[in-house]
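**Q** Input: one structure, supplied below.
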Amino acid sequence: MDFRKAYAIAIKDLDEVFSSVGIYGPMLGVPMFFSVLLPVLTFYVTQYSAQGIVSKLVSLPGGSGALGSGPGLFFMAFFSVSVLGPIFLTMPILTASVIASDSFAGEKERKTAEALLATPIKTSELLLGKILASFIPTVLLTVAVFAIYGAATNILAFRSFGQYILPTGPWIMMLLTSPFLAIAAISFVVLISSHVKSIKEAQQISTLLVLPILIMPFAAILNIVELSVSFFVWFISFLFLLDVVALYIGIKSFRKENIL
């Protein structure tokens with residue numbers, strides 16, 4: 001395998017993806033919007049409703065350390081990690097799905113597949129280049145969104161309680177989970193790339209991966225599961241196995257003619 005050819009494919013795809021103005025809305029606008037809006041919303045709820053919520057949900061896990069400092073800090077610590085944290089875990093899935101869908105299905109819409117397939121490039125080099133084109137910006141954007149949200153949350157928490165909330169162990173583990181979620185999304189797009197004809201179809205199907213993630217906040221609120229470090233160790237282990245299987249099937253089933 002010639003990694004220089006794979007790198008060239010990745011650069012070409014990134015130029016094509018980011019040349020479309022329409023991609024910036026779902027890929028950049030939504031994550032950045034939530035990374036600023038959600039801390040403000042959490043702060044507002046903490047200021048005006050934390051006492052009543054905590055009194056009704058006294059069995060919330062993971063907040064005992066903050067409870068001694070009052071229900072406000074307890075609620076903000078729990079809500080910031082166990083409720084909003086999983087919402088941010090949808091970002092690598094959505095971002096990777098948007099870029100990968102454009103990378104694979106976009107070749108069909110832009111009518112550029114014929115020229116690409118005419119070049120002396122192996123299937124493995126083509127596939128690696130397209131995976132890198134989706135994976136690298138997804139991870140960088142996810143880290144940026146987590147950092148912005150963490151900074152905004154800490155600023156608001158320090159102003160009210162004189163303490164920082166983030167990062168915590170589970171919060172760091174969520175960030176470490178994001179590359180595995182991105183690979184799962186990309187692998188899923190590779191698997192369906194030969195069965196769809198447009199970017200929108202690929203995006204709609206691949207974003208179904210966010211549904212299991214959105215169960216986490218409800219499971220945490222109902223005290224069904226505690227989003228602890230050990231939980232995410234098991235979750236990452238499961239995702240690693242899922243990624244290996246999905247990539248293997250995707251690589252075996254992928255043909256360059258799939259993007260025609």
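The values are calculated or read from the model by the stated rules, or taken from the named source; none is laboratory data. Predicted, not measured: the structure shown is a model, and the values here were computed from it. Note that each Cβ is placed from the backbone with ideal geometry, even for glycine, and that neighbours are counted across all protein chains shown.
**Q** Quick one: Ile205 ticks every box in (1) modelled with pLDDT of 85 or more; (2) farther than 27 Å from Phe231 by Cα except a single one, so which number is it?
**A** Of (1) modelled with pLDDT of 85 or more; (2) farther than 27 Å from Phe231 by Cα, only one is false for Ile205: (1).
**Q** Considering only residues that are over 12 Å from the mean Cα position of the chain (by Cα) and of a type in the set (S, T, N, Q), which ones fall in segment 135-160?
**A** Passing the criteria: Thr153, Asn154, Ser160.
**Q** Given (1) modelled with pLDDT of 75 or more; (2) farther than 21 Å from Phe75 by Cβ; (3) surrounded by 15 or more Cβ atoms within 10 Å (Cβ to Cβ); (4) not polar (S, T, N, Q), identify the lone condition not met by Ile199.
**A** (1)
**Q** Please count how many residues of segment 148-162 are modelled with pLDDT under 85 and surrounded by fewer than 16 Cβ atoms within 10 Å (Cβ to Cβ).
**A** Looking only at that region, the number is 3.
**Q** Sticking with this structure for a sec: What are the pairs with Cβ atoms under 7 angstrom where one residue, in segment 226-238, is among the aromatic types (Phe, Trp, Tyr) and the other, located anywhere, is surrounded by 13 or more Cβ atoms within 10 Å (Cβ to Cβ)? Sequence gap at least six, or different chains.
**A** Phe231/Val225; Phe232/Pro170; Phe232/Met173; Phe232/Met174; Phe232/Thr177; Phe235/Thr177
**Q** Quick one: how many residues across segment 208-253 are small (Gly, Ala, Ser), surrounded by 16 or more Cβ atoms within 10 Å (Cβ to Cβ) and under 18 Å from the mean Cα position of the chain (by Cα)?
**A** Adding up the residues that qualify gives 1.
**Q** Let me ask you something else. Among the helices (runs of 4 or more DSSP H) lying completely within segment 27-127, list those that include at least 3 residues that are over 30 Å from Ile251 (Cβ atoms), of a type in the set (Ser, Thr, Tyr) and at pLDDT below 75.
**A** 30-56
**Q** Select from segment 138-165 the residues that are closer than 11 Å to Leu73 by Cα and hydroxyl-bearing (Ser, Thr, Tyr) and list them in ascending order.
**A** Answer for segment 138-165, where residues must be closer than 11 Å to Leu73 by Cα and hydroxyl-bearing (Ser, Thr, Tyr): Ser160, Tyr164.
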